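What follows is one structure encoded as structure tokens, with my remarks underneath.
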């Protein structure tokens, strides 16, 4: 833990955060966010101990994102801490409208850094099963999804590298494939990459998601 994070001018907003603390306990809390930029924020007044590189969830109104803890400091109030967080790659900034006009702007990805398929922030129903055996199928929903994979919010994600079976629907057609857990964020969720989805179905599914996403066309997005 550092001695203190630099406090700068800028708007302050109230956001909801959740995840797993340093003791392995799930938490939910409303905190103040300030020093806002398009990719960073300082979260103040936390009641829970976090560690650098922890991944937590942040929500403002209906907008959610996953962020990584960059720095941790005493919060100036007994038993409170503050953390500097940074958006994970591919996450949309939920506090964008509150960012001061003179704040540094986030660089747009280009070339090889741009995703082949854009992720869509949709609540999309999927069926999941752990291929290690011993567990029933789980009906759940992805919170962002593309033709290459999805992210599922859960307090207890599967370990990295776990092979899963996953099924979803395109209109009236059920699609079943396998996937692998590529990101496992305790208290937040897990990212799954589809590993045996035919490229033609990937493209078809991506186009289907684009039609379902009302904000995609207005944002000028491309697959």
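None of the figures in this text is laboratory data; all of them are computed from the coordinates on show. None of these values were measured; they are calculated from a predicted model. Positions of Cβ are backbone-derived with ideal geometry, glycine not excepted, and every protein chain shown enters the neighbour counts.
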Before anything else, pin down the relative contact order of region 115-218: Cα pairs under 8 Å, at least 6 apart, normalised by residue count, whole percent. 25
Overall dimensions of region 21-88 by Cα: Rg and Dmax, Å: 11.2, 31
Starting from the Cα-Cα distance between residue 140 and residue 49, subtract it from 0.36 nm times their residue separation and give me the gain in nm to one decimal. 29.8 nm
Cβ crowding within 10 Å averaged over residues, with 45-56, 23-34 ranked highest first: 45-56, 23-34
Mind giving me the nanometre distance, one decimal, between the label points for residue 167 and residue 80, set 7 Å out from Cα along Cα→Cβ? 5.0
Going highest first, how would you order 183-189, 117-123 by mean Cβ packing within 10 Å? 183-189, 117-123
Taking the Cα atoms of region 115-218 alone, what are Rg (to one decimal) and Dmax (as a whole number) in Å? 13.1, 45
